[in-house]
1. Suppose we filter segment 34-54 for residues that are within 16 Å of Asp137 (Cβ to Cβ), more than 15 Å from the chain's Cα centre (by Cα) and either in contact (Cβ under 8 Å) with a residue 40 or more places away in the chain or not in a strand (DSSP E or B) (or both); how many remain?
2. Looking only at segment 64-92, how many residues end up being charged (D, E, K, R), exposed (fewer than 14 other Cβ atoms within 10 Å of the Cβ) and in contact with a helix residue (DSSP H, G or I) (Cβ under 9 Å, 6 or more places away or on another chain)?
3. Looking at segment 124-167, which of its residues are surrounded by 13 or more Cβ atoms within 10 Å (Cβ to Cβ) and at pLDDT below 75?
4. Can you tell me how many residues within segment 27-81 are farther than 18 Å from Arg135 by Cβ and in contact with a Gly (Cβ under 7 Å, 6 or more places away or on another chain)?
5. Given the criteria within 29 Å of Lys54 (Cβ to Cβ) and in a helix (DSSP H, G or I), does Ser138 qualify?
6. Among (1) farther than 22 Å from Leu56 by Cα; (2) among the small types (Gly, Ala, Ser); (3) modelled with pLDDT of 95 or more, which single condition is Ala95 missing?
7. Which number in (1) under 15 Å from the mean Cα position of the chain (by Cα); (2) farther than 20 Å from Asp147 by Cα marks the one condition that Val104 misses?
8. Of the residues Arg50, Arg58, which single one is touching a strand residue (DSSP E or B) at 6+ places or on another chain (Cβ under 6 Å) and surrounded by fewer than 17 Cβ atoms within 10 Å (Cβ to Cβ)?
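The values are calculated or read from the model by the stated rules, or taken from the named source; none is laboratory data. On a predicted model such as this, the values are computed, not experimentally measured, just so you know. Backbone-built Cβ (ideal geometry, glycine too); neighbour counts: all protein chains shown.
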Amino acid sequence: MHSSQTPEAVGKLTAPPRRLIAIDLGAKRVGVAVSDELQITVTPLERIERRSWKDLLRRVAALIDDYDARALVIGLPLSLDGKENTAAQDTQRIAENFRKSLSVPVFLQDERLTTAAAESELRSRGAKASEVAKRIDSESAAIILRDFIAAKRDAEGAMDLECGGKR
């Protein structure tokens, strides 16, 4: 579990639980994952080949509609020291474009080391190199989504403690 989150990652979702979609933006491919309605399990989906902003928006909007998702979580590629780099700035710009174009909230989640964790997970399950290459983007998106859900639950648990268990 990755313990470092950006402030956007722990934004409060007040509606009843529903599915969440996560994406891991890459220059050529976009990994995709979805949670179940109770946000207990996360499943990697088929990756999206990145062509244009318009195509990416159409495909992500279709996934949100198909899965009746209530939010989009985007991996934020911070440097290992936690600082923003060019990739993080590009991701924030794309997240803002999604916010303007979609009818669901968009959150950012720290994605440091998720690719390495995804590769390790796939290899531990016996995946061959070609299978790892095909599945790593969406496996990374699944880790991003699990981390986001855990951060949200941790934040809600801390709020329960501060309120003496009453909200």
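1. 2
2. Number of matching residues: 0.
3. Val132, Glu156
4. Residues in segment 27-81 being farther than 18 Å from Arg135 by Cβ and in contact with a Gly (Cβ under 7 Å, 6 or more places away or on another chain): 0 in total.
5. The answer is yes for Ser138.
6. Failed condition: (1).
7. (2)
8. Criteria check complete, one pass: Arg50.
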